[in-house]
Amino acid sequence: MNHFSDQLSTLQQSGLLRQMRHTDAREGGMALLNGTPVVNLSSNDYLGLAVDAALQREWVQQVLPAMGDALFSASSSRLLTGNHSYYERVEAQLERMYGRSALFFNSGCHANMGILPALTGKDDLILSDKLVHASLIDGIRLSEATHVRYRHLDYERLEALLREHRHRSRRVFIVTESVYSMDGDVADLPRLVALKQQYDALLMVDEAHAVGARGEHGLGVGEETGCLPHIDLLVGTMGKALSSVGAYVICDETVKQLLINRCRTLIFTTALPPVNMAWSLLVLERIRAMNSLREQLRRVTATMVQQLAGHAGVSVDGQSNILPVMIGDNHAATRVTDGLLDAGFMALSVRPPAVPPGTARLRLSLTANLQPDDLSRMAGVLKTLLEVSRNNNAEAQRR
Ligand code: PMP
């Protein structure tokens with residue numbers, strides 16, 4: 001037992017101990033944190049759909065009564081008896097939206113951990129951005145392919161790797177996110193498409209933080225940049241802007257069929273419950289027409305960027321609605337988060353291993369339903385907390 005408690009003590013000493021809090025999301029960009037109302041600057045419910053009472057009422061009144069007997073469990077994996085009719089309907093809806101085949105998974109983690117091991121072998125090469133999500137890294141680790149990482153968004157380095165290794169590998173997979181989950185910056189998809197074409201590689205893009213929130217029809221950065229037809233494996237997750245659970249990959253039909261036969265995280269898990277899939281279907285049917293919410297999210301982001309620069313002296317470029325406020329030290333980041341919580345703002349810090357050592361930060365994750373007044377008040381509180389943090393740091397260095 002000591003072995004485990006020693007590990008917890010080590011985490012505590014290095015400012016890396018995590019605790020779960022009770023968070024109940026509320027409308028208007030709010031949440032109840034252990035029962036206390038706070039402004040929620042840490043939600044991935046980017047369009048506010050998870051707290052949209054009218055949409056949920058509509059689902060309860062119109063969709064629920066027409067569902068069959070089994071609501072809460074699929075009772076089996078998709079390849080056995082769990083492939084209920086809502087799976088077919090959700091995939092057909094996605095296929096209409098993207099114009100290609102779609103395969104639904106239980107979560108983004110399931111998709112990312114299963115796809116690459118299913119499609120690659122020891123003669124293949126995976127080139128991935130250094131900052132891709134942990135689930136992609138785990139998928140790469142489970143694959144037998146050779147793996148090389150390139151510096152974050154450094155496409156010159158990626159090209160050098162392609163030049164050096166392409167001829168030695170049967171197939172090459174380039175793996176990236178579109179909107180990066182911890183940095184909020186955005187991959188240059190047109191450049192990646194050009195590279196994949198030039199070097200005859202395959203491109204996998206995780207659009208977890210972009211689907212629903214970006215693109216004219218909510219299809220993500222791939223849609224925004226006209227790259228959709230060239231992305232070989234596009235992963236979208238339902239748990240963020242799409243306010244549900246699960247994930248999908250958009251790919252060619254042959255790849256879909258191969259995944260159905262080979263992908264262990266699809267084959268060996270119980271399918272999602274019909275209720276969740278039926279809610280996903282409604283959201284996917286509506287997401288196309290939600291441009292005013294996407295526009296509202298852009299406005300909230302622009303206001304926050306302005307407030308951070310004006311009030312808190314923090315410069316962020318606002319490429320997306322995820323805004324990192326860099327702090328560095330793990331303990332200092334936790335203190336700033338705690339100070340914000342005391343003032344009624346939930347803006348959680350992210351620390352290693354979610355981000356590289358020495359780069360602990362607040363991760364502001366903005367949603368369309370946040371109120372402008374709350375944003376300016378938050379920037380004012382943050383200014384004071386960052387000043388205290390800098391002074392503490394300077395004092396510690398003098399000692
Ligand atoms: N990819 C990225 C980039 C993510 O940020 C996340 C969730 N944090 C996932 C995949 C996993 O998605 P899910 O929560 O559906 O497992």
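Below is a table of values for the structure above.
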item: Sole exception among (1) more than 26 Å from Val205 (Cβ to Cβ); (2) assigned by TED's automatic domain parsing to the domain that holds Val388; (3) within 23 Å of the chain's Cα centre (by Cα); (4) surrounded by fewer than 23 Cβ atoms within 10 Å (Cβ to Cβ) for Arg335, by number; result: (3)
item: The listed residue being out of contact with any Ser or Thr (no Cβ under 8 Å at 6 or more places or on another chain), over 21 Å from Leu131 (Cα atoms) and either surrounded by fewer than 24 Cβ atoms within 10 Å (Cβ to Cβ) or of a type in the set (S, T, N, Q) (or both), out of Asp200, Asp188, Asp232; result: Asp200
item: Residue match in the range 194-204 (condition: within 16 Å of the ligand (Cβ to nearest atom) and modelled with pLDDT of 95 or more); result: yes
item: Close pairs from the range 309-322: first farther than 18 Å from Asn44 by Cβ, partner assigned to a loop (DSSP other than H, G, I, E, B) and small (Gly, Ala, Ser), Cβ under 6 Å, at least 6 apart; result: Ala309/Ser315
item: Subset tally (residues that are over 11 Å from Met204 (Cβ atoms), among the small types (Gly, Ala, Ser) and buried (at least 18 other Cβ atoms within 10 Å of the Cβ)) for the range 123-168; result: 3
item: All strands (runs of 3 or more DSSP E) inside the range 66-179 with 2 or more residues being under 19 Å from Val211 (Cα atoms), within 16 Å of the ligand (Cβ to nearest atom) and of a type outside the set (Asp, Glu); result: 101-105, 172-177
item: Filter result for the condition that a residue is in contact (Cβ under 8 Å) with a residue 12 or more places away in the chain and within 20 Å of the chain's Cα centre (by Cα), over Gly68, Gly82, Gly108, Gly121; result: Gly108
item: The listed residue being away from the ligand (no atom under 15 Å from the Cβ), buried (at least 22 other Cβ atoms within 10 Å of the Cβ), assigned by TED's automatic domain parsing to the domain that holds Ser181 and aliphatic (A, V, I, L, M), out of Leu281, Leu259, Leu297, Leu242; result: Leu259
item: Residue count, the range 1-35 (criterion: over 18 Å from Arg335 (Cα atoms) and free of Cβ contacts under 8 Å to residues at least 12 places away in the same chain); result: 13
item: Residue match in the range 264-271 (condition: surrounded by 24 or more Cβ atoms within 10 Å (Cβ to Cβ), more than 20 Å from the chain's Cα centre (by Cα) and at pLDDT 95 or above); result: yes
item: Some residue of the range 264-277 being free of Cβ contacts under 8 Å to residues at least 60 places away in the same chain and within 15 Å of the ligand (Cβ to nearest atom); result: yes
item: Residue satisfying all of: in the range 180-191; assigned to a helix (DSSP H, G or I) and away from the ligand (no atom under 16 Å from the Cβ); farthest from Ala210 (Cα to Cα) among these; result: Arg191
item: Residue in the range 245-256 that is nearest to the ligand (Cβ to nearest atom), counting only those that are closer than 19 Å to His84 by Cβ and not aromatic (Phe, Trp, Tyr); result: Ala247
item: Cβ pairs under 6 Å, 6+ apart, first in the range 236-254 and β-branched (Val, Ile, Thr), second part of a helix (DSSP H, G or I) and buried (at least 24 other Cβ atoms within 10 Å of the Cβ); result: Thr237/Gly108; Val249/Ala111
item: Verdict on Asn112 being over 30 Å from Cys251 (Cβ atoms) and touching a Gly at 6+ places or on another chain (Cβ under 6 Å); result: no
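Okay, residues lined up against (1) part of a helix (DSSP H, G or I); (2) surrounded by 10 or more Cβ atoms within 10 Å (Cβ to Cβ); (3) among the aromatic types (Phe, Trp, Tyr):
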{"position": "Ser5", "(1), (2), (3)": "yes, no, no"}
{"position": "Thr10", "(1), (2), (3)": "yes, yes, no"}
{"position": "Leu17", "(1), (2), (3)": "no, yes, no"}
{"position": "Pro37", "(1), (2), (3)": "no, yes, no"}
{"position": "Leu55", "(1), (2), (3)": "yes, yes, no"}
{"position": "Glu58", "(1), (2), (3)": "yes, yes, no"}
{"position": "Gln62", "(1), (2), (3)": "yes, yes, no"}
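The values are calculated or read from the model by the stated rules, or taken from the named source; none is laboratory data. Just so we're clear, the structure is a prediction, and the values are computed from it rather than from any experiment. As a convention, Cβ positions derive from the backbone with ideal geometry for all residues, glycine included, and neighbour counts pool all protein chains shown.
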